[in-house]
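First the structure, in the form of structure tokens, and then the observations on it.
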Amino acid sequence: MEEVQLFFDDRHIRTVFSEDDGIYYLVMVDVIDALTDSARASDYWYRLKRREKAQSGVDLSTFCRQLKVEGSDKKSYMMECAAREGLFRIIQSIPSPKAEPFKRWLSETAVTYLDEKSNKRIHAFNKLKETQERFYERLEERGIGEQAFKRILGKGDEALFNGVDIRKKFGLNSDEDIDNFISLVILKGKDFATSITEFNMVSKSLNDELGIGDEHIDSNLDVRETLLRHGITPEELPKEEDIRQLNERKTNKNLKDSGNKKSIDGSEK
């Protein structure tokens with residue numbers, strides 16, 4: 001599970017992405033804390049569910065999912081989390097003056113942030129693929145083909161992830177591209193490493209697979225060292241949402257927004 005940090009009224013709300021359905025969920029105790037200022041948000045949430053069940057017969061837990069969330073002690077716990085649609089229903093049961101501002105925040109700020117986060121990954125992924133394509137073209141000029149290109153990139157990944165098989169860790173098939181599932185910072189790191197390798201390949205007049213492969217290993221080791229120095233261990237970062245799903249959702253959203261605009265303009269219903 002990938003966690004995203006959001007804030008409402010200076011209150012921290014953890015947001016977890018579920019790979020099962022491609023949806024972001026907000027941790028309910030964090031939502032309760034933000035809306036009620038309760039000293040014990042978990043107790044408030046428990047009593048709220050009991051009260052709503054007794055008064056209306058509605059079980060608020062049916063609007064939630066149990067997802068793994070990291071606690072303050074850095075351990076993971078199963079917690080009730082709700083997506084945007086479920087949250088709107090749950091908030092109706094919470095007597096809080098912050099309810100309406102929270103709904104506006106949820107519809108605007110939070111969703112925009114999550115969309116921007118996805119868009120940044122898409123942009124970084126596309127940039128990496130452009131850099132890799134340019135690198136491949138330079139290799140072809142030296143008589144180095146596609147299979148050698150893949151081996152060189154593989155050596156770089158092995159150095160960056162300290163020998164950990166990320167494809168196996170993420171449960172991917174042998175023909176799946178790990179770049180579709182890695183985090184924003186790793187996408188940028190791989191892009192930087194590939195650019196360094198390409199530059200040095202030209203400046204050092206490297207023309208064989210072995211020499212270029214060793215250069216790419218060094219480039220990725222340099223990037224790894226920088227990440228480690230800032231507390232980021234590449235192989236420990238979680239699997240992220242498939243870039244292809246992000247692109248599909250972005251395309252669908254753009255089509256929906258375009259359709260809404262046409263309806264508003266009156267040119268199409």
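Ranked for footprinting exposure by Cβ neighbours inside 10 Å, fewest first, Tyr44, Tyr77 give Tyr77, Tyr44. Remark on region 115-260: hydrodynamic radius 16.2 angstrom, per the Kirkwood mean of 1/r across alpha carbon pairs. If R0 equals 45 Å, the separation of the Cβ atoms of Phe199 and Lys53 corresponds to a calculated FRET efficiency of about 0.10. Spacing of the modelled spin labels on Glu146 and Asn126, each 7 Å from Cα toward Cβ, amounts to 2.4 nm.
On alpha carbon coordinates alone, what is the Rg over Rh value for region 2-99, Rh being the Kirkwood radius?
Looking at region 2-99, the ratio lands at 0.94.
Placing +1 on the Cβ of every Lys and Arg and -1 on the Cβ of every Asp and Glu, with nothing else charged, gives region 115-260 a dipole about its Cα centre of roughly 540 debye.
Ordering Ser18, Ser76 from the fewest to the most neighbouring beta carbons within 10 Å gives Ser76, Ser18.
Model label sites at Lys103 and Asp175, defined 7 Å from Cα along the beta-carbon direction, differ in position by 4.8 nm.
If you plug the beta carbon distance of Ser42 and Val185 into 1/(1 + (r/R0)^6) with R0 = 51 Å, you get a FRET efficiency near 0.95.
Just so you know, all these numbers are worked out from the coordinates, no wet-lab data involved. In this text, all values refer to a predicted model and were calculated from it rather than measured experimentally. Using ideal geometry, Cβ is built from the backbone for each residue, glycine included, and neighbour counts are taken over all protein chains shown.
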